[in-house]
1. Counting DSSP beta bridges with both partners in the chain, what percentage is antiparallel, nearest 5?
2. Determine ³J(HN,Hα), in whole Hz, for all residues of the stretch 7-21 in sequence, where each value follows from phi through the Karplus function 6.51 cos²θ - 1.76 cosθ + 1.60 and θ = phi - 60°; x replaces Gly and Pro.
3. Any idea what the relative contact order of the stretch 77-121 is, in percent, if you count C-alpha pairs under 8 Å spaced at least 6 apart?
4. I want to verify a result. In a Gaussian network model of the chain, Cα cutoff 10 Å, which of these has the top mean-square fluctuation: Leu74, Leu32, Leu159?
5. Among the lysines, which fall within straight-line cross-link reach of Lys110, defined as a Cα-Cα distance under 27 Å, with same-chain neighbours fewer than 8 residues apart omitted?
6. Using a 7 Å offset from the Cα along the Cα-to-Cβ direction at both Gln176 and Tyr2, what is the distance between the two label points in nm, to one decimal?
7. For the stretch 75-133, what is the largest minus smallest coordinate of the Cα atoms on each principal axis, given in angstrom and ordered from greatest to least?
8. Return the sequence-ordered ³J(HN,Hα) values of the stretch 165-172 in whole Hz as given by the Karplus equation 6.51 cos²θ - 1.76 cosθ + 1.60 applied to θ = phi - 60°, using x for Gly and Pro.
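Just so it is clear, none of the values below were taken in a lab; they were calculated from the coordinates. Keep in mind it's a predicted model, so treat the numbers as computed, not measured. A quick note on method: Cβ atoms are made from the backbone with ideal geometry, for glycine too, and the neighbour counts reach across all protein chains shown.
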Amino acid sequence: MYEYIQGKITELTPAYAVVDNGNVGYYIHISLFTFTSLKDHPEARLYIHHVIREDAHLLYGFAGKKEREMFRLLISVSGIGANTARLILSSLSPVEVAQAIVTENVTILKGIKGIGGKTAQRVIVDLKDKVGKISGEEEFLPLQGNSNVEESLSALVTLGFPKALVKKTIEKIIAQDPDMAVEGIIKEALKIL
């Protein structure tokens with residue numbers, strides 16, 4: 001239904017962005033990968049995947065078409081919904097996901113919260129032939145930003161993790177590296193949670 005939404009970024013967190021287009025603010029779910037691409041940019045063009053459920057209309061936005069294509073491939077696998085696919089794309093870049101699938105690296109996929117051995121194998125079997133179009137075609141260079149514990153906490157709670165557990169996890173990560181960026185904190189937390 002929507003190809004992309006382009007406009008001014010009025011709010012940006014690691015879990016969602018609000019994009020103002022024509023004086024309408026669109027609440028768009030994003031991955032950590034897209035967040036790093038949008039940081040420090042006043043405007044954005046997000047490629048959209050529209051999910052229509054009985055109780056909601058949800059927009060998922062991606063900085064590039066390749067990431068959206070990987071998202072669509074992931075949600076085509078039985079047992080992987082939109083939030084799990086977004087979690088995968090928050091833990092690994094689209095190219096890393098494609099490489100893990102092409103090289104049949106079950107260990108990397110199992111390392112993502114919520115992905116077990118059977119699901120990882122199903123992803124590889126279902127997508128190995130389809131994913132070649134994405135891997136290696138486009139280089140993704142995320143921007144570096146300053147760390148922010150509150151953004152990390154908010155993003156992880158939005159992804160469905162209990163606030164108390166997230167807070168303890170982030171405290172451990174920050175104790176080891178106080179200058180860690182938001183995306184680094186979230187990636188490390190996803191490995192622990």
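1. 95 percent
2. Taking θ as phi minus 60°, the curve returns x, 7, 7, 9, 8, 9, 10, x, 9, 7, 10, 10, 10, 8, 10 Hz for the stretch 7-21.
3. Averaging sequence separation for qualifying contacts and normalising by length gives 33 percent for the stretch 77-121.
4. Sorting by GNM fluctuation, first place goes to Leu159.
5. Excluding near neighbours in sequence, the set is Lys65, Lys66, Lys118, Lys128, Lys130, Lys133, Lys163, Lys167, Lys168, Lys172, Lys187, Lys191.
6. The answer from the label model is 3.7 nm.
7. If we take the Cα atoms of the stretch 75-133, the spans are 23, 20, 20 Å.
8. Once rounded to whole Hz, the list reads 5, 4, 4, 4, 4, 5, 4, 5.
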